[in-house]
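No lab work stands behind these numbers, since they all come straight from the coordinates. Nothing here was measured: the structure is a model prediction, and the numbers come from that model. Neighbour counts are summed over all protein chains in view; Cβ atoms, including those assigned to glycine, are modelled from backbone coordinates with ideal geometry.
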Amino acid sequence: MVAWLVKFNAMNIEELFLEAEADIKKNAHVDALRKYETILYDEPNHAPTHNSLGWIYKTQFDDYQKAEMHFRASIKSDASYPHPYFHYAVLLTDMERYEELKKHLDKCLNVPTIEKSWVYYRFAIAEELNMNFDAAISCFEKAILNSLSDEKIKEYHADIERCRKKIEIIINHKEWQQEKDGKVNNG
């Protein structure tokens, strides 16, 4: 009897999760939120639910603290579930927490379910945003080496060309870059 109840409950959780995901697609975020909360009440370590709640809090409510909490809970609940790693990396990028991002991406390299070209792409984005264009190019090249998608490889080549153009442009803006880096003293 207990085994049947556990199986029945798991089926209900999966069905409710799929309903909540459908609500997201219909922009019924409040309905989805309620369903996700119901799932976590019954199964507090349901990784997909934590991931989806993190996505809602980040994209719909701009509540980065709650989003981070749910992404981290999702990763902790199921270390092989790849989706929260992606969302958490974007959150760290958006918050300009690049050192934490690099540590997170280093961990991602050891998760078998995560596409490694994506990890190197995220490393490259962090380097590019920090005006480290040569390092960014190197990471985009590693993304190419780890990719099996011709379309992605074309995109990474375009990213490399963008960085090369920025290298040319930054030469004309060394003073601005030094000010940005805090190297010029306005004394």
>> Apply the a/c threshold of 1.5 to the C-alpha gyration tensor of segment 110-184 and tell me whether it is rounded, prolate or oblate.
In response: oblate
> Which value, to two decimals, describes the C-alpha radius of gyration of segment 43-98 once divided by 2.2 N^0.38 Å?
Replying inline: 1.00
>> Under the rule a/c < 1.5 gives rounded, and otherwise a/b versus b/c splits prolate from oblate, where does segment 35-187 land using the Cα gyration tensor?
In response: oblate
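Full-extension gain between E175 and D94, please, as 0.36 nm times their residue separation minus the C-alpha to C-alpha distance.
On the way: separation 81, 0.36 × 81 = 29.16 nm, distance 2.58 nm.
Once the chain is fully extended between E175 and D94, it gains 26.6 nm.
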>> Run the numbers for R72 and K116: contour at 0.36 nm per residue of separation, minus the present Cα-Cα distance, in nm.
In response: 13.8 nm
>> From the C-alpha coordinates alone, can you work out the Kirkwood hydrodynamic radius of segment 1-114, in Å?
In response: 14.7 Å
>> Roughly how far apart, in whole Å, are the Cα centres of segment 17-78 and segment 142-177?
In response: 34 Å
> Of A28, A124, A89, which is the most mobile in a GNM of the chain whose springs link Cα atoms less than 10 angstrom apart?
Replying inline: A28
> In segment 89-187, what GluC sites (Glu not before Pro) fall in a loop by DSSP, with at most 14 other Cβ atoms inside 10 Å?
Replying inline: E96
> So for segment 33-147, taking the charge dipole from beta-carbon charges (+1 Lys/Arg, -1 Asp/Glu), which of L40, A89, L101 sits furthest toward the positive end?
Replying inline: L40
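Which value, in debye to the nearest 20, gives the size of the charge dipole of the chain about its Cα centre, when Lys and Arg are +1 and Asp and Glu are -1 at the Cβ? Mind dumping the intermediate values first?
Working: 25 positive and 32 negative charges, 60 e Å.
Charge dipole of the chain: 280 debye, to the nearest 20.
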>> What does the net charge come to around A28 if you take all other residues with beta carbon closer than 13 Å to its beta carbon, with K and R at +1 and D and E at -1?
In response: 0
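Could you sort out which of K26/K107; K25/K76; K76/K165; K26/K103; K102/K180 sit more than 30 Å apart by Cα distance in this structure? Intermediate values should be presented prior to the final figure.
Values: K26/K107 34 Å; K25/K76 26 Å; K76/K165 40 Å; K26/K103 35 Å; K102/K180 21 Å.
Violating the 30 Å Cα-Cα cut-off are K26/K107; K76/K165; K26/K103.
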> Which angle from 0 to 90°, rounded to the nearest 10, does the C-alpha axis of helix 98-108 make with the longest principal axis of the chain?
Replying inline: 60 degrees
